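The values are calculated or read from the model by the stated rules, or taken from the named source; none is laboratory data. Model, not experiment: these values are computed from the prediction. Cβ coordinates were reconstructed from backbone atoms using ideal geometry, including for glycine residues, and neighbour counts include every protein chain displayed. Calculation scope for accessible area: heavy atoms of the full protein, side chains included, ligands and nucleic acids excluded. Shrake-Rupley method; radii C 1.70, N 1.55, O 1.52, S 1.80 Å.
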Amino acid sequence: VIAGGIWNSFSQALPQGFALIISVAAARFLGPSGMGRQSFIAFTMISLSQLITEGLKEALMRSIGEALGADRRDAVRGLARWALPILIAGGLAGGSMLAVAGLLGASPMTAWLLAGVECALIAGAGVPWAVLAGSQKWRQASMVGLLTTIVGMPVTIGVLAAGGGITGMFAVETVTAAAALIAMAILARGTLRTLPRHIDPARDLRRRTTSYAILATLMTLATFVVWQRSEFFFLRAYSTDQEIAFYSIAFAAANG
């Protein structure tokens, strides 16, 4: 428990420091207006991906842990296969919403399109993450995010310095999200190979997973989207990109 908690803490804390460094670079190369626009697109994408994935991802992790703890190892594959198309469909729906926003005139259009792709990739990584976390493979689950962030940070700064702008930032994020999804899928597949090939439908676990996922999704909507992030949408409607930039700095500091 302590080792898993340490790895999980690293995976939550270190990216905050990396995000601070990237924010300094973004403020330098994009200016207040560009940084505010980038922050708004990023927070929109994060809010959508969290709303779509967080509830089912957390519920799936709990159910996989319960199945392994109850020696129902043959139920894990069934749970993963059952949840995967749901999260993929949700990711495609969220990604499509962001893409449509870009096609309808939100600027820069390519950045919105890339944010849509990133949203879908994040949703797809929900199942392999739940498999690793539910199996208590916290080090593997955390290392993927840490390594992609460590690699992505200097690349992002380099892209900004080269004049890549907001679109360049989202291009790097999309590539790192794809790399994280591939790595997570490979690790999760290795874990699933150690489990029985016979699949238990585990309908009782599916029902409990669904019930908890609905509750967790409502909590995510209330706390993460409405409580923590809705102000960005009001700022976008009534304020300037510069004001969003200044607010995002204070928000990131408080969140960290």
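Within segment 1-42, track down each residue that is modelled with pLDDT under 85 and in contact with a Leu (Cβ under 8 Å, 6 or more places away or on another chain).
Within segment 1-42, PHE10, SER11, LEU14, PRO15 qualify.
Would you mind finding the one in GLU118, GLU58 that is more than 18 Å from ALA177 (Cα to Cα) and under 16 Å from the mean Cα position of the chain (by Cα)?
GLU58
Mind listing whichever residues of segment 109-168 are outside any helix (DSSP H, G or I) and either farther than 21 Å from MET61 by Cβ or open to solvent by less than 60 Å² (accessible area, probe 1.4 Å) (or both)?
ALA125, SER135, ALA162, GLY163, GLY164 - these are the residues of segment 109-168 that are outside any helix (DSSP H, G or I) and either farther than 21 Å from MET61 by Cβ or open to solvent by less than 60 Å² (accessible area, probe 1.4 Å) (or both).
Test of understanding: among ALA179, ALA171, ALA252, ALA245, which residue is surrounded by fewer than 17 Cβ atoms within 10 Å (Cβ to Cβ), small (Gly, Ala, Ser) and over 30 Å from ALA67 (Cα atoms)?
ALA252
Considering segment 190-226 alone, what residues qualify as being closer than 28 Å to ILE46 by Cα, free of Cβ contacts under 8 Å to residues at least 12 places away in the same chain and either in contact with a Gly (Cβ under 6 Å, 6 or more places away or on another chain) or among the charged types (D, E, K, R) (or both)?
Passing the criteria: only ARG207.
Using beta carbons and a limit of 6 Å, which pairs, at least six apart or on different chains, have the first residue in segment 112-138 and at negative phi and the second one among the charged types (D, E, K, R) and in a helix (DSSP H, G or I)?
Matching pairs, first to second residue: GLU118/GLU173; GLY126/LYS57; ALA130/LYS57.
Of everything in segment 182-216, what is open to solvent by less than 40 Å² (accessible area, probe 1.4 Å) and part of a helix (DSSP H, G or I)? Give them in sequence order.
Matches in segment 182-216: ALA183, MET184, ALA188, GLY190, THR191, LEU192, LEU205, THR209, ALA213, ALA216.
Report, by residue number, each residue of segment 103-122 that is of a type in the set (Gly, Ala, Ser) and at pLDDT 95 or above.
ALA111, ALA115, GLY116, ALA120
Hey, can you tell me all the residues within segment 33-62 that are of a type in the set (Ser, Thr, Tyr) and either outside any helix (DSSP H, G or I) or within 16 Å of ILE88 (Cβ to Cβ) (or both)?
SER49, THR53
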